[in-house]
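Quick note: the coordinates plus some simple rules give every number you see, no bench work behind them. Bear in mind the structure is a predicted one, so any value in this text is a computation, not a measurement. Cβ coordinates were reconstructed from backbone atoms using ideal geometry, including for glycine residues, and neighbour counts include every protein chain displayed.
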Amino acid sequence: MRSVQSTHPATYLFGARTLRDFGDGFVAILLPVYLLALGFAPLQVGLIATASLFGSALLTIAVGFLGARHDLRWLLLAAASLMTATGVAMSLVHDYLLLLVVAFAGTINPSAGSVSVFVPLEHAALTREVTDAERTRMFARYSLVGALASAAGALASALPDFTIVTGLGRLTAIKLMFVLYALLGIAGGLLYARIPKRIASHETAKTAALGPSRPVVLKLAALFSLDAFAGGFVVQSLLALWLFERFDLSLAQAGVFFFWAGVLSAFSFPVAAWLSRRIGLINTMVFTHIPSSIALLLAAFAPTLPLALALLLVRAALSQMDVPTRSSYVMAVVTEAERAAAASFTSVPRSLAAAASPALAGALFAASYRSLPLVICAALKITYDLLLLLQFRQLKPPEER
């Protein structure tokens, strides 16, 4: 009989990410619709997003300490169980304070991106399976499958609009989508359970979460936090809210738009891997990110819906090319024992910084400054890119030396 271990462990991780990002894809769009349907204001939607991101940050801190000393498989199984519990709770809870608690303690992801407790664990597990030369391509494939799944999830967010013909109410249909999110958590857990167990060595067990790479990781974390703070102003839930309120976009139209935005992002990942082999990881991150921020800035002032959507699609095609390159760079400049901690400690400031800005964006929405969050996001991201280039252009990963 064929052994379970004959399948490459990365296959299970890719499969689990596909399921998780499919769920995040529809939840990010349905979350503001659901909260508005329950009678909450845009500011309250922003606070829910903030609670979710802040809670993710604290969970990521925990896995950063645990990842170097414990089996990654069990930590991933625990995270999948939390995803299941979150979906069930979201489908049942109507009270706003309880929803804040669920958002804080659970895995709801308003950004439909890489801000997640799963990410540092998967990064550490994947990196140990490949060589330096293959690392960026592997992260590009990992990001590709996630983005395609997220795009499909965005398309699935339109399903509640098609339940009217069946007699099922829209609010009930949205609750069923949260139940589907819970089922995806169970399916992801089954895949994580098939990852081979890896016992930490005696040397690794004694290693501090961060050792010789601490100064580099802390500097990267500071810069990444600026980027995430900027991105928090236009997390997918809030960008959807902006399109709903400024252009009266329907849920079905939003699902189609975010589907194509996700597809463009997905196919930018292999391009990023190809480009990084020619100009380097840092240059790829910076010189694709700046044009995407310019496109977002122009979209904020677009007078018509078609022009705004076109500019946002340009942004989608460029803005995520730094995702696989950033992940690869962090894993390359730290030791193997530090990888889980490095992934965690570069993700935590991102989550904490990103947690503050959705609430600020919600306040700007409430004050009728609906386009200002897009402007703030673009300006801060350009600042981040220039600082990253100045600080790290000389620190090369092994494959570029």
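At 222 nm, what value in deg cm²/dmol follows for the chain if DSSP H runs of at least 4 each add -39500 (n - 2.57) and the sum is divided by all its residues, to the nearest 500?
Taking each H run of at least 4 residues, the total per residue is -26000 deg cm²/dmol.
Which residue fluctuates the most in the chain, going by a Gaussian network model with Cα springs under 10 Å, if the choices are 12, 192, 142?
Evaluated over the chain, the most mobile residue of the options is 12.
Taking the Cβ of residue 232 as the centre, find all other residues whose Cβ is under 12 Å away and add up their charges (Lys, Arg: +1; Asp, Glu: -1).
Numbers: positive: 350, 381; negative: 227.
Result for the neighbourhood of residue 232: +1.
If you stretched the chain out fully between residue 81 and residue 40, how much longer would it get, using 0.36 nm times the residue separation minus the C-alpha to C-alpha distance?
Answer, rounded to one decimal: 11.9 nm.
By average Cβ neighbour count within 10 Å, what is the ranking of 267-274, 390-397 from highest down?
Going by the mean number of other Cβ atoms within 10 Å, highest first, we get 267-274, 390-397.
Using a Gaussian network for the chain with springs between C-alpha atoms less than 10 Å apart, which of these wobbles most: 212, 110, 349?
So, out of 212, 110, 349, the one fluctuating most is 212.
With each label point set 7 Å from Cα along the Cα-Cβ vector, what nm distance links residue 245 and residue 58?
Once both label points are built, they end up 2.8 nm from each other.
Which entry in (1) 24.1; (2) 21.0; (3) 25.9 is this structure's computed Kirkwood radius over Cα pairs in Å?
Checking each listed value against the structure points to (2).
Among 154, 41, 228, which one shows the highest mean-square fluctuation when the chain is modelled as a Gaussian network with alpha-carbon springs under 10 Å?
Result: 41 has the largest fluctuation of those listed.
Once amide H atoms are placed 1.01 Å from N in the peptide plane, what residues at a sequence separation of 5 or more from residue 40, or on another chain, have their amide H within under 5 Å of its amide H?
Distant-sequence amide H within range of residue 40: zero hits.
Set the Förster radius R0 to 41 Å, insert the Cβ-Cβ distance between residue 163 and residue 383 as r into 1/(1 + (r/R0)^6), and round the FRET efficiency to 0.05.
0.40
Would you list 94, 289 from fewest to most Cβ contacts within 10 Å?
94, 289
Which length gain, in nm to one decimal place, applies between residue 190 and residue 252 when the Cα-Cα distance is subtracted from 0.36 nm times their residue separation?
19.1 nm
Starting from the Cα-Cα distance between residue 134 and residue 391, subtract it from 0.36 nm times their residue separation and give me the gain in nm to one decimal.
Roughly 90.0 nm would be gained on extension.
Enumerate the calculated ³J(HN,Hα) couplings along the stretch 157-166 in order (Karplus 6.51 cos²θ - 1.76 cosθ + 1.60, θ = phi - 60°), each rounded to whole Hz, writing x wherever the residue is Gly or Pro.
My calculation for the stretch 157-166 gives 5, 7, 4, x, 6, 9, 8, 4, 5, 8 Hz in order.
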